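The values are calculated or read from the model by the stated rules, or taken from the named source; none is laboratory data. Note that the structure is predicted; figures quoted are calculated from it, not measured. Every residue, glycine as well, gets a Cβ built from its backbone with ideal geometry; the counts of neighbours run over all protein chains shown. To get the accessible areas, we keep the full protein, side chains included, count just its heavy atoms, and leave off ligands, DNA and RNA. Shrake-Rupley method; radii C 1.70, N 1.55, O 1.52, S 1.80 Å.
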Amino acid sequence: MKSEKAEGPAGALGARGAAHGGANGGGAHGGAERAAERGTEAPRKPAARQTREHAIRGIAVAPGIAIGLIYDTSEIPAEAPRRNIQPGQVEAERQRLTDAVALSRKQLGKLKSRLAILPEEAQEELAPLLDAYVLMLGNSRLLRGARKRIETGLLAAETAVQDEAEAIAALILSARDDDRAGLKRRADEVREIARRLTRNLTATPFRSLKDVPEGSILVAEELTPADAALLDPSRIAGVATEEGGADGHTAIMLRALGIPSVLGCVGLTESAQRGDQAVLDGSAGTIVLRPGEAALEKGREALAAFAKERAKLAKLRRLPAVTTDGEPVELQANLEIPAELPLIAQAGAQGIGLLRTEFLFMNREDLPDEEAQTQAYAQVLEAMGTDQVTIRVLDWGGEKDMEALSQGIAPTHAGPNPALGLRGLRLLLKRPELLEAQFAAILRVADRGNVRILLPLVTNPSEVKEAREVYERVARRLRRKGVHLPDRLPELGCMIETPGAALAADAIALEADFFAIGTNDLAMYTLAVDRAEAEVSHLYDPLHPAVLRLMQFATEAALRLRMPVSVCGEMAGNPRLVPLLLGLGIRCLSMNASAIPRVKQMVRSLDIADCARFARRVMEQSDPQRIHELVMGFGSGSEKG
Ligand code: PEP
Ligand code: MG
């Protein structure tokens, strides 16, 4: 997927490596200063530059090999220009500060819970520091002073926090004490907590991602889906983070962009230093920092092998996706950002099975209006010609928090359990103006291509009914205005991605025109395992019998009504799972474009009767481990036993 581009950094490495030499690339001074810039980042790291090879195993999320220099994104300062407020804004500013304090406490709590996995030495250093930070987020002078500055100085919360922190730091440094280093440390601690608060107050994304030197391997504590959307795959060779799970939206975005990536690398930010060389294997889920000659050579070989494999798969592009007994299988692409459109064409996708419209709402401070959305959808439809395009209306909420918008649209969505709160269709029905604008924009371009509309996070048939009422109302309004719409409106389908929807699929099928099974969320909600959480990623298992049974129930409900049903979660892009999915009756798979060739290769080797037999055997199992064995053994004869 990435090999040619990844060769760039490998080739350029000599010059760049020499330029960096053994000099400190900025990694040594960072821990305490940078901690506030990233959610749960460890606040301090050893001062001496590390030189030894260090291999870390994480979660393989996007295949490909990258050899390049580490670029640690944590050194990006939050932008918080001085700002005054009006007297009427005091209450709102106080509330912003309270929210930022709560978020900062949560981040520090999370970091504390991760201390146990660090070496004892690091724990001893970090634990008291974290306690000091937490204290400063209580009834501290810093917060009391900042609140006072908001009220009496009419300052924005971030300005108030910074001013108060500087005043306290100056006071500490002016004390008569011979332990100057100790005083400086205390002053820095106050400044650091102020920086964390400022970052949270300004919801600063990793803005300077665009400045990452070409060919770098990006290292971060955590990357949000919105951050990932800003990455330029032609510049970034690889991504590695401490946080994140295999099927979180960040992972999906990275796969879509074709950037070799490994998430969930414990201890990564402790050990990686800016300017270090690294070999990242997004297929194996490893990153080797400061590789020795042997590891480097292995990386180069893997890079060449990956490029060869890719060239082989590219030859499949024009061949049809049919099984050996002639059953056609539709292979469609998921689209995260329009930049992927050329990849979709290259992969030979038969349309877009899931266009996630969240990209339109990310990294901006206002909402895209109907006109802007119309243009965006028109661009996609034009590129896809007569191929089907399934546009999913906004699935905002859960981990897909679009921070800049949360103030204005649904300030309540970030409740104690965002994934269970006002997410997806729930939010759209509560804010029908959002849904109306999106429906209208899609309807305006409906006669320019072959479009369908998909509703996210459905749990009840009544939600679909209500959405359809909005849909028809919008269509009537547009027709009254003289907008030409097709006689038959585009189909309105449902994501089946909650256990509730799967088990009520027979009732929901009566309200919907098609189903798209979202196995990412279905697995998350069924197993109560956050799909983006590294700590529980070992429990996240779409092959768990509970998930498979729900998929089977929903698929059969659709097939009974001869209603189209597809799978568009990450499962669909895993060639090893294709026999099972076909055996369950699925004939349409939508996945990240780069996965299509491998999946097609698998489809072309299968016989439907074998798949059906295999699926029956799998569905008899109740032990997830046994199911894994069967799935991995498919084709070796073991599945027949
Ligand atoms: C899913 O949940 O499987 C899905 C396809 O939707 P998303 O990944 O965008 O939540
Ligand atoms: Mg989903």
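Can you say what percent of the DSSP beta bridges in the stretch 319-633, counting only those with both residues inside, are antiparallel? Round to 5. Antiparallel bridges make up about 5 percent of those DSSP assigns within the stretch 319-633. Full extension of the chain segment joining Glu433 with Gln379 gains 17.1 nm, where the gain is 0.36 nm per residue of separation less the Cα-Cα distance.
Our coupling estimate for the stretch 480-497, obtained by passing each phi through the Karplus curve with A = 6.51, B = -1.76, C = 1.60 and θ = phi - 60°, is 4, 7, x, 6, 7, 10, x, 4, 9, 5, x, 5, 10, x, 10, 6, 9, 9 Hz, Gly and Pro reported as x.
Please find the FRET efficiency linking Glu535 to Asp178, where r is the Cβ-Cβ separation and R0 is fixed at 51 Å, and quote it to the nearest 0.05. Working shown, then result.
Working: r = 44 Å, r/R0 = 0.86.
Once rounded, the FRET efficiency stands at 0.70.
Could you please state how large a percent of the accessible area of the stretch 87-201 is carbon and sulfur, counting protein chains only and using a 1.4 Å probe? Of the solvent-accessible surface of the stretch 87-201, carbon and sulfur hold 53 percent. The distance between label points at Val483 and Arg562 comes to 3.2 nm (points 7 Å beyond Cα on the Cα→Cβ vector).
Of the peptides 163-169, 193-199, 558-564, 316-322, the order by per-residue mean of other Cβ atoms within 10 Å, starting with the highest, comes out as 193-199, 163-169, 558-564, 316-322.
Ranking Ala534, Phe634, Ala505 by how far each Cα lies toward the positive end of the dipole of the stretch 498-641 (charges on Cβ) leaves Phe634 at the top. In terms of packing, defined here as the mean over residues of other Cβ atoms within 10 angstrom, the peptides 343-352, 624-633, 476-485, 259-268 line up highest first as 259-268, 343-352, 624-633, 476-485. Take the Cα of Asp506, step 7 Å toward its Cβ, do the same at Gln601, and the gap between the two points is 4.2 nm. Each peptide among 452-460, 607-615 gets the average number of other Cβ atoms lying within 10 Å of its residues, and from highest to lowest they stand as 452-460, 607-615. Remark: for residue pairs Lys106/Lys148; Lys112/Lys184; Lys106/Lys430; Lys106/Lys184; Lys430/Lys600, the C-alpha separation exceeds 31 Å in Lys430/Lys600. Bridging of Lys465 to aspartates and glutamates at a Cα separation below 13 Å is possible for Glu511, Asp513, once same-chain residues fewer than 8 apart are set aside.
Rounded to 0.05, the FRET efficiency of the Glu91 and Glu293 pair, given R0 = 60 Å and the Cβ-Cβ distance, is 0.45.
Determine the gain in length on full extension of the stretch Arg52-Arg185; use 0.36 nm per residue of separation and subtract their C-alpha separation, reporting nm with one decimal. Write down the numbers at each step before the final one.
On the way: separation 133, 0.36 × 133 = 47.88 nm, distance 2.86 nm.
Roughly 45.0 nm would be gained on extension.
Here the label points at Arg105 and Gln346, each 7 Å from Cα along the C-beta direction, are separated by 4.9 nm in the simple model. Rolling a 1.4 Å probe over the heavy atoms of the protein chains gives the stretch 319-633 an accessible area of 39 Å² per residue. If you sort the three axes of the alpha carbon gyration tensor as a ≥ b ≥ c, you get a/c of 1.5 or more for the stretch 87-201 and a/b no higher than b/c, which makes it oblate.
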